[in-house]
Amino acid sequence: MWNPCPTLGNTGLIIMGKGRKCCVPGCNSNYNNTDNYVSSFTFPKDATRKNQWEKSINRTDFIPSSTAVVSIRHFSSEFIIKEDCVVRDDGSELVVPRKIQKLTNDAYPSIFPNQPS
Ligand SMILES: [Zn+2]
């Protein structure tokens, strides 16, 4: 039996809605009908974290709808889980690349390339 690796856990956010348009101002992720969809994430359900996302995005009077997403471009790589880590019975760890990327539990958008700083 394998247990989820405690450092990554198994409760990160899951990518939602392939091809949904990113709600960050100035970002055009998924605004074109191409096959190159950018991975995107819905807002956290937790109110405190949702608030942190909203503040980070800094869009005037912005109230994200339940379907609003933020594309992966706005998350620094330390918040993106690209591999799963499992612990074998003998204590050794096995790292498996994920097909679908997740965000860590403390992830928030911090990269806004098209905004004046
Ligand atoms: Zn975006």
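Some notes on this structure:
- Evaluation of residue 38 against (1) at pLDDT 90 or above; (2) part of a loop (DSSP other than H, G, I, E, B) (one fails), failing number: (1)
- Residue 77 among the polar types (S, T, N, Q) and more than 14 Å from the ligand (Cβ to nearest atom): yes
- Selected residue [outside any loop (DSSP other than H, G, I, E, B) and hydrophobic (A, V, I, L, M, F, W, C)] from 63, 81: 81
- Any hit, segment 91-107, residues being within 16 Å of the ligand (Cβ to nearest atom), closer than 19 Å to residue 28 by Cα, in a loop (DSSP other than H, G, I, E, B) and touching a residue at least 24 places away in the same chain (Cβ under 8 Å): no
- One residue stands out in segment 44-64 among those that are at pLDDT 90 or above and acidic (Asp, Glu): the one that is surrounded by the fewest Cβ atoms within 10 Å (Cβ to Cβ), namely 46.
- Reported count of residues in segment 78-117, each being modelled with pLDDT of 90 or more, farther than 16 Å from residue 42 by Cβ and of a type in the set (S, T, N, Q), is 2.
- So residue 70, is it under 14 Å from the mean Cα position of the chain (by Cα) and either of a type in the set (A, V, I, L, M, F, W, C) or exposed (fewer than 10 other Cβ atoms within 10 Å of the Cβ) (or both): yes
The values are calculated or read from the model by the stated rules, or taken from the named source; none is laboratory data. Note that the structure is a prediction, hence the values are computed from the model and not measured. As a convention, Cβ positions derive from the backbone with ideal geometry for all residues, glycine included, and neighbour counts pool all protein chains shown.
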